[in-house]
Amino acid sequence: MAIIEVVDLVKTYDRKVAVDGVSFTVDEGEIFGILGPNGAGKTTTVECVEGLRSPDGGTIRVDGLDPRRDRAELRTRLGVQLQQSELPDRIRVGEALDLYASFYRDPADWRELLARLGLADRAKTEYRKLSGGQKQRVSIALALIGKPKIAVLDELTTGLDPQARRDTWSLVEQVRDAGVTVVLVTHFMEEAERLCDRIAVIDAGRLVAVDSPAGLVSRVDGEQRVRFRPTAPLDVKLLEELPEVSNVEQHGPQLVVTGTGNLLHAVTSVLARNQIVAADLRIEQAGLDDAFIRLTGRALTE
Amino acid sequence: MLKIVNTEWKLFLREPSMVVFAVLFPAILLLVLGAIPALRTPDPNFDNQRFIDAFMSSLVVTALAFLGLNKLPATVATYREKGVLRRFSTTPVHPARLLVAQVLVNLIAGVISIVLLMVVGRAVFDIDLPHHPLWFLVTFLLGMLSLSAIGLLVAAWAPNARSAGGWATVVFMLVMFFGGVYLPRFLLPDFLNVIGAYLPPGVEALQQSWLGAAPDPVHLGVLALVTVAAGTVAAKSFRWE
């Protein structure tokens, strides 16, 4: 059942179109990813869903509410983790949670919430003394303090080290398992692939695809990559002429050949005919990265 | 609301420099000046009052100016820059409450600062308590609110916390100058003192309600007008992010 419905959303800043006709639905109880490069319009999209911005066109329903008209009611059902939002330097973690809990009619027990987030021993610590990962967890705690039905988490793991990132991921899964619908905004492919039930791919303000991670990958299925270092100079044209090959790229001493069918055999035959050996040969199957390139025509992270 | 004020009050107490300047500084300055014998001898320049008697209103101005024009715009602009206000706007509570809480915290700090000044003045230098306590309270409130409104206006218009600090400092210096803090008011030309009487936070009305006759209602009216005008413009033009 859809808990969020976005239809033909349009948002313009100073004649620059940030979001251009985006539509999607989020089902109750899923982790829904919004994936795209920086500046693609992801944050603007969720800010319209949160009621922080008025759309210039289209309609949005969140749990049956209009985010602008029913702002007050929506606030009690939607928890938001904002990109780059801090707390006063000297506020203690416990004080912040206690304060934000007082904003809601039926808040969660903040001590229990802190314990669940692994911050039980930080209740008396000042915000400025927390590490990046701890600040991020406080931010998640504040998004969950009002016992929301839906949590919107924007760029959750940006700036975290790999370990903190993994910890945060399992946290998001816990939140979903507790029955909260999660909307996750990210530009990390790995994060989207690991966490999301479904992903909306957004590029340059437009919706490119909505599918499960596996569904997105299957759109480029059959595509593979062969990576190797030729032992002697090789005319790239020889490879490009092959029917199996769709793309050849030179990365330093390495060649990366993308294609379909019996790609490996076709490539090695050409090499054998020219008496070149393929050193450090590797074959890779298509992943979400490739799906993204196929869908948007470019890589997510340059 | 009480909880927000309580939290902001705790945060205020954790900034030692703010507490020293806004709450303790006026009383300390009084002690320092009062230690100079010439300044506690009756002087014909002040109708045979002592310098320290005549300087009390200027000391009140320092406290009010610090709170309204230094602490308030700096805190509010920082809260906006760090996204504290934005985070508030994702909760059922409107971020305007945070600004109201700031002004209330300043009022409490201002009261403490001035009570401390009165106690020290009375106990150490035998300076009279305000002759017109009610008028003094009204003047103090109007003075505090008018400066707070200007402080919020600065925070509303400044693009970021740094420029808010810069702009507020300019207004702060003017208020301190016209309030007779840098140069005692008897040294200022008459026309500057006349201007100063109308400017927030109403140094003349503070002095009059403390140790003179009752304050001029016109001065108080101007303070009220400034409060309403600056407050309205600040509220209308305030950016929450």
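Read the figures in this text as sums done on the coordinates, not as results from a lab. Worth saying up front: this structure is predicted, and the values here are computed from it rather than measured. FYI the Cβ positions are ideal-geometry reconstructions off the backbone, even for glycines, and counts take in every protein chain you see.
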| note | Kirkwood-based Rg/Rh on the Cα set of the protein assembly as shown evaluates to 1.16
| query | What's the FRET efficiency of B:F191 with A:Q163 using the Cβ-Cβ distance as r and R₀ = 45 Å, to the nearest 0.05? | reply | 0.05
| Percent of Cα pairs exceeding the 23 Å cut-off, where the set is chain A | 62
| query | Under a plain spin-label model, where a point goes 7 Å from the Cα along Cα-to-Cβ, how far apart in nm are A:D14 and B:V19? | reply | 4.4
| message | Suppose the chain between A:S246 and A:A214 were pulled fully straight at 0.36 nm per residue; how much longer would it get relative to their current alpha carbon spacing? | response | 9.3 nm
| query | How would you classify region A:224-285 from its alpha-carbon gyration tensor, with a ≥ b ≥ c the square roots of the eigenvalues: rounded for a/c under 1.5, else prolate if a/b is greater than b/c, otherwise oblate? | reply | rounded
| said: Antiparallel versus total DSSP beta bridges in the protein assembly as shown: what percent is that, nearest 5? | reply: 70
| request: Within a 10 angstrom radius of each residue's Cβ in A:79-86, how many Cβ atoms of other chains show up on average? Whole number is fine. | output: 5
| Given the Cα-Cα distance of A:E28 and A:K129 and 0.36 nm per residue of separation, how much length would full extension add, in nm? | 32.7 nm
| request: Return the calculated 222 nm mean residue ellipticity for chain B, to the nearest 500 deg cm²/dmol, obtained by summing -39500 (n - 2.57) across DSSP H runs with n ≥ 4 and dividing by the residue count. | output: -22500 deg cm²/dmol
| query | Quick one: B:Y79, A:Y127, fewest Cβ neighbours within 10 Å first, how do they rank? | reply | A:Y127, B:Y79
| request: Take every residue in peptide B:13-23, count the Cβ atoms of other chains within 10 Å of its Cβ, and give the average of those counts. | output: 1
| field | Spatial separation of Cα centroids for region A:1-24 and region B:161-206, in angstrom | value | 51
| query | To the nearest whole number, what is the average tally of beta carbon atoms from other chains within 10 Å of the beta carbons of peptide A:145-157? | reply | 0
| note | Sequence order, region B:219-233: Karplus ³J(HN,Hα) from phi using 6.51 cos²θ - 1.76 cosθ + 1.60, θ = phi - 60°, Hz rounded, Gly and Pro as x, gives 4, 5, x, 4, 4, 4, 4, 4, 4, 5, 5, 5, x, 5, 4
| remark: Counting all Cα-Cα pairs in region B:2-237, those more than 27 Å apart amount in percent to 33
